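All remarks here apply to the structure that follows.
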Amino acid sequence: MDSVSPNPSLIGTTLREHVLAGMQAAPGATGEFTSLLNHVSLAVRIINSRVRAAGLAGLLGYTGETNVQGEQVQKLDVYANEVLLNVLTRSGHCGVIASEENDEPIYSNHGGKYVVLFDPLDGSSNIDTNVSIGTIFAVLRRREPTPIVDDALRPGREIVAAGYALYGPSTVFVLSTGHGVHAFTLDPNVGEFFLSMPNIRCPKKGNSYSVNEGNCARWAPEIRKWSEHMKTEDKAGGYPYGHRYVGSLVADAHRTLMKGGIFAYPEDSKSPTGKLRLLYEANPMAYLFEQAGGAATTGKHRILDVQPTNVHQRVPLVLGSKDDVAVYKEFVEGKR
Ligand code: AHM
Ligand code: MG
């Protein structure tokens with residue numbers, strides 16, 4: 001038989017191959033970062049298999065416990081958290097692990113070079129109604145002998161990789177290691193993620209906005225004014241925008257990343273510093289949006305420049321197309 005040359009359109013690039021190619025292009029790489037990302041992908045596939053069977057496995061519903069945020073914990077949250085903790089610990093690459101579900105960061109492996117921060121199951125209030133949920137993570141380099149907590153309390157600009165898995169109609173893994181943003185779709189029969197959207201660019205301007213409008217009465221006047229602006233007819237400016245809100249950050253952010261527009265969870269009188277968590281939700285998403293040419297702000301400051309003081313710190317989060325985020329900032333600054 002004649003020799004066969006690979007046909008890239010027959011079998012796509014796998015996540016593993018993509019990560020490995022990144023390693024081969026990095027001088028001095030030891031393979032640990034590659035192995036760490038492969039472990040994250042393994043954890044996501046394990047969580048995915050349980051999410052897909054949730055209704056069958058009798059896993060829906062609350063455990064009756066509350067987490068460190070004072071919220072009810074659902075069984076799938078607990079499961080996803082344990083899977084990530086176990087897989088990451090086993091990898092041997094994590095010096096520090098911090099999860100939205102644990103009070104304190106966990107010291108994992110002595111000599112582990114990386115710090116991994118994650119929200120194991122984002123959008124958990126949507127689990128019972130079979131609406132999309134996800135896993136969000138960020139990776140930083142360990143700075144031994146820095147104490148564990150301090151090593152987690154780092155601004156997002158120090159992130160070396162971030163991503164999320166969206167458990168939607170299909171399971172998508174979106175990743176950046178600092179060289180653009182790439183999405184991989186899980187082939188459930190093969191058990192592999194295949195590159196489906198290379199080099200995602202967030203459009204400069206979109207046509208939809210995503211915010212919990214039910215909080216309107218609790219917003220500051222300038223944020224109410226912004227929301228009015230998004231709904232007011234202005235053909236030349238492309239307004240009104242459509243309104244889209246799932247209530248799972250991963251789903252709302254993914255749509256915004258792909259199609260453009262804006263997602264906002266501003267501060268309000270009930271949540272004066274915002275609702276979403278800086279380390280587990282805002283920073284990884286901000287890193288991805290900036291990598292894709294979009295922007296992420298608190299309204300006043302770049303998200304990636306916020307210095308964390310608490311591992312469970314919340315922050316106002318506004319992300320999306322550059323132009324749409326700029327308009328939001330103009331309202332906050334009183335320029336409109
Ligand atoms: P969680 O499920 O990890 O606690 O995440 C919080 C969720 C986000 O996914 C989503 O953006 C937001 O809370 C929705 O909040 P609300 O229901 O107040 O609109
Ligand atoms: Mg969350």
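Quick notes on this structure:
- Of residues in the range 171-192 being without any contact (Cβ under 8 Å) to a residue 12 or more places away in the chain and of a type outside the set (S, T, N, Q), the one nearest to residue 139 (Cα to Cα): 187
- Taken over the range 168-192, residues that are in a strand (DSSP E or B), open to solvent by 10 Å² or more (accessible area, probe 1.4 Å) and of a type outside the set (Val, Ile, Thr) amount to 4.
- Residues of the range 58-90 satisfying the condition of being in contact with a helix residue (DSSP H, G or I) (Cβ under 7 Å, 6 or more places away or on another chain) and either modelled with pLDDT of 95 or more or open to solvent by 60 Å² or more (accessible area, probe 1.4 Å) (or both): 60, 80, 83, 84, 87, 88
- Top-ranked residue of the range 250-281 - restricted to ones that are among the hydrophobic types (A, V, I, L, M, F, W, C) and open to solvent by 10 Å² or more (accessible area, probe 1.4 Å), ranked as farthest from residue 309 (Cα to Cα): 258
- Filter result (within 13 Å of ligand 1 (Cβ to nearest atom), of a type in the set (A, V, I, L, M) and open to solvent by 40 Å² or more (accessible area, probe 1.4 Å)) within the range 123-167: 131
- Filtered by the rule that a residue be closer than 25 Å to residue 38 by Cα, in a loop (DSSP other than H, G, I, E, B), out of contact with any His (no Cβ under 9 Å at 6 or more places or on another chain) and within 16 Å of ligand 2 (Cβ to nearest atom), the range 115-153 gives a lone residue, 123.
- So residue 217, is it over 15 Å from residue 253 (Cα atoms), part of a loop (DSSP other than H, G, I, E, B) and not polar (S, T, N, Q): no
- Of the criteria (1) within 14 Å of ligand 1 (Cβ to nearest atom); (2) in contact with a Lys or Arg (Cβ under 9 Å, 6 or more places away or on another chain); (3) under 15 Å from residue 201 (Cβ atoms), which one residue 274 fails: (3)
The values are calculated or read from the model by the stated rules, or taken from the named source; none is laboratory data. None of the values given here were measured: they were computed from a predicted structure. Positions of Cβ are backbone-derived with ideal geometry, glycine not excepted, and every protein chain shown enters the neighbour counts. Side chains are part of the model used for accessible areas, which takes the heavy atoms of the whole protein and leaves out ligands, DNA and RNA. Shrake-Rupley method; radii C 1.70, N 1.55, O 1.52, S 1.80 Å.
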